[in-house]
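The values are calculated or read from the model by the stated rules, or taken from the named source; none is laboratory data. Since this is a predicted model, take the numbers as computed values, not measurements. With ideal geometry, Cβ positions are generated from the backbone for all residues, glycine too; neighbour counts draw on all protein chains shown.
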Amino acid sequence: MQRDLRLTAVGRRYGIRGPWVLRGVDLTLTPATLTRVEGANGTGKSTLLRLLARLDAPTEGRVTGRPRTAYVPERFPSALPFTALGYLTHLGTLHGLSRRSAQRAAGTWLERFGAGAYAGTPMAQLSKGSSQKVAVAQALLGEPELLVLDEAWTGLDAAARAELERAVAERTAAGGAVVFVDHDPRRLVGAPDATYTVLGGGLKCCTDQGSSPDGPLTLVLVRGPAGGQLPPDAARTVATVRETTPGDYRLAVPASHSDVVLRALLTAHPPWHVVSVTPPPPDSGSRP
């Protein structure tokens, strides 16, 4: 992302005399960061995300910065005159890809989310879950600098939910910013750089920098540069890290997020070498 996206004293209401949904909101999204937005239903979370995605304009205040942005709504309009593959291919060409490259990328994303079998299915005939997989794929197809996810995991099966978590890790590892809302408090727990709560029309930062995910830990042995730093997405998620010998590291990783860490390590430049992965035994405690 070339520039930060910044909201300054932003307010939003619908209608000249309508109540303020948001007011006095200040927020900055920087490259290579993951931001979670929380709040009760009806507090304005989706309104905030639409402002970030520039789908809505603020009633007052200003939004500066124009990263290339992709948005996944909770409800995706599936009644479109395309097949799943045709729709994604069309969007790929709008992103500047040749038709052949767009079709190849579209097929890859459908396969990653377990929807390859529905490539030739008309969008209007897709189930809610399959339609949501297309919605996520269309957002990731253009490698956005800012990815905005509004309950994007809703309707996805377990494998697709895990794949979306991996894709989020890839985006931030590549220097993109990701902001998301999700009803599951365990979603990407421990990974966000910042967490905000929408409350009373305002935005409150409630990030606990010292927090870490609860639950069993997976032991990961990796090899990388001596005295080197872990990739950002891995460093944010691991519970503990110890360099046992120069270039050899012992990581204790929350079992629920081991895939995110492994993907961050393997997609780093240069990539880290994963020596072994030892999952926690059944009914284990929080330490491997």
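Brief remarks follow.
- Search result, residues across segment 15-33 that are of a type in the set (Lys, Arg) and in a loop (DSSP other than H, G, I, E, B): Arg17
- Hits in segment 62-79 (condition: closer than 16 Å to Asp150 by Cα, surrounded by 13 or more Cβ atoms within 10 Å (Cβ to Cβ) and not hydrophobic (A, V, I, L, M, F, W, C)): Thr69, Tyr71, Pro73, Glu74, Arg75
- Unique residue being in a strand (DSSP E or B), of a type in the set (Lys, Arg) and more than 28 Å from Ala234 (Cα to Cα) when the list is Arg36, Arg62, Arg54, Arg50: Arg62
- Output for segment 251-279, where each listed residue is within 23 Å of the chain's Cα centre (by Cα), farther than 17 Å from Arg187 by Cα and among the β-branched types (Val, Ile, Thr): Thr267
- Leu188 touching a residue at least 40 places away in the same chain (Cβ under 8 Å), in contact with a Phe, Trp or Tyr (Cβ under 7 Å, 6 or more places away or on another chain), under 27 Å from Val72 (Cα atoms) and surrounded by 15 or more Cβ atoms within 10 Å (Cβ to Cβ): no
- Taking segment 41-52 as the range and being modelled with pLDDT of 95 or more and farther than 16 Å from Asp182 by Cβ as the test, the residues that pass are Thr47, Arg50, Leu51.
- For segment 82-97, the tally of residues that are at positive phi and surrounded by 19 or more Cβ atoms within 10 Å (Cβ to Cβ) stands at 0.
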